[in-house]
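Asker: Dumping the structure here so I can ask a few things about it.
The values are calculated or read from the model by the stated rules, or taken from the named source; none is laboratory data. Keep in mind that what you see is a predicted model, and the values were worked out from it rather than measured. Glycine gets a Cβ as well: all are built from the backbone with ideal geometry, and neighbour counts include every protein chain shown.
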Amino acid sequence: MRPKYFILTFAIIGFLSCKSSKMVFDPVTSKKEFIAFGLGGGFTGKVLKYFITKDGIIYTHSGEEIKKIGVSPKRITGQVFSNFNTLGLDEIMLNEPGNKYFFIEPHLQGSSNKMIWGKEPLNNPNIETYFEILMNTVKAINNN
């Protein structure tokens, strides 16, 4: 009788310790429109990357894992996506990374125009303001 309990115990432990390998959000295969943004570089070279989808879900990418961190209010999400085109960010070509850099990478209507900066002050303040709004959205979710 004891061997059965022994085997059953290990089977239950093995079953409970298994993690699902299903990704929460995969930016490569996702059909959702989203904007990726974040910062990286510096002494460690670490990259902090976030994704906001059109339905307001915000994910963070750290290492190999993508995690959902929360949902942005509909009003904020709508403004973020409409302002991207209104501010003309969809037409800006920017590739000027520095030691520490910032980036915005839209995946909207099949287009992707990654903006990277950090080396020099920008001539267009809309880019930095837009980036601050994105980061403040993440901070607001993390503080709740």
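Asker: Please verify whether Gly70 is assigned to a helix (DSSP H, G or I), farther than 15 Å from Ala36 by Cβ and among the small types (Gly, Ala, Ser), treating the condition exactly as stated.
Answerer: No; evaluated as a whole, the condition is false for this residue.
Asker: Please count how many residues of region 76-124 are hydroxyl-bearing (Ser, Thr, Tyr), free of Cβ contacts under 8 Å to residues at least 40 places away in the same chain and either part of a helix (DSSP H, G or I) or over 20 Å from Thr53 (Cα atoms) (or both).
Answerer: Matching residues across region 76-124 total 3.
Asker: Restricting the search to region 88-141, which residues are in contact with a Ser or Thr (Cβ under 9 Å, 6 or more places away or on another chain), more than 17 Å from Glu33 (Cα to Cα) and at pLDDT below 90?
Answerer: Ala140, Ile141
Asker: Do we have Phe6 as over 30 Å from Glu120 (Cβ atoms), touching a Phe, Trp or Tyr at 6+ places or on another chain (Cβ under 8 Å) and modelled with pLDDT under 90 here?
Answerer: Against the criterion (over 30 Å from Glu120 (Cβ atoms), touching a Phe, Trp or Tyr at 6+ places or on another chain (Cβ under 8 Å) and modelled with pLDDT under 90), Phe6 does not qualify.
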